[in-house]
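Read-outs: derived from the displayed coordinates by stated rules, not from any lab. What you see is a predicted model, and the numbers here were worked out from it, not measured in a lab. Heads up, the Cβs are rebuilt from the backbone with ideal geometry, glycines too, and the neighbour counts pull from every protein chain shown.
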Amino acid sequence: MIQNILIGTANKGKVNDFKQLFEQDGIRVKSLHDYPNAIDVEETGATFEENAILKAETLSRHYGEIVIADDSGLAIEALHGRPGVFSARYAGEHKNDEENLQKVLSELKGVPSVERKATFVCVLALAIPGKETVVFEGECTGFIAKEPKGENGFGYDPIFYIPNKEKTMAELSTEEKNEISHRRKALNKLQKYWEYKS
């Protein structure tokens, strides 16, 4: 019987998503907050999948635990897929959401709305000691708005416009966001896999 799962993040919002998924089955969900001297895994991969696998497998080997790690970000067609794996630190290593967002808007200045297509991507990697790592991916497509709108969410949410909602991601309620978000889609795939294997 599985008792613990380590989520390879210190982001409380992400950890809560996993708690909702696993704690109903009596599984304790831990995060890097539970390890005061947690190792820092450098994300050297060229893709979201490579980074998620790298984090999950490194942490699983180090702690001997089942680990779920994710890598996610924004890919913009007009910027040839940037910011991509550099989404969190696009404007610098200090990881400032507002500066990242403003850099994207600056780079898209003068680009017409129809050419501002973008995709939020989330890749989850599930590493179990002694077993092959499994990967789950979720995507959400939209366009980059000309200016930020909305107070909810974080990161690039205020400039990620969803046409069929006629709102940015940051203007959606938590419930609306959960219906369409890239992370929720990846989580749903993980949940189906988990239920099938359990």
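Once divided by 2.2 N^0.38 Å, the Cα radius of gyration of segment 40-90 becomes 1.27. In terms of other Cβ atoms within 10 Å, 101, 79 run from fewest to most in the order 79, 101. Report, in degrees rounded to the nearest 10, the 0 to 90 angle that the Cα long axis of helix 97-107 makes with the longest principal axis of the chain. Helix 97-107 and the main axis of the chain meet at about 40 degrees.
On a 20 Å Cα-Cα criterion, which of the cross-link pairs 103/165; 12/103; 14/146; 109/165; 109/149 come out too long? Beyond 20 Å: 103/165; 12/103; 14/146; 109/165. For segment 1-128, the share of alpha carbon pairs falling in successive 10 Å distance bins from zero is 12, 37, 30, 16, 5, 0 percent. Relative to one another, the C-alpha centroids of segment 107-125 and segment 1-67 are positioned 28 Å apart. The residues 21, 6, 74, when put in order of fewest to most other Cβ atoms within 10 Å, stand as 21, 6, 74. Listing 174, 58 from fewest to most neighbouring C-beta atoms within 10 Å gives 174, 58.
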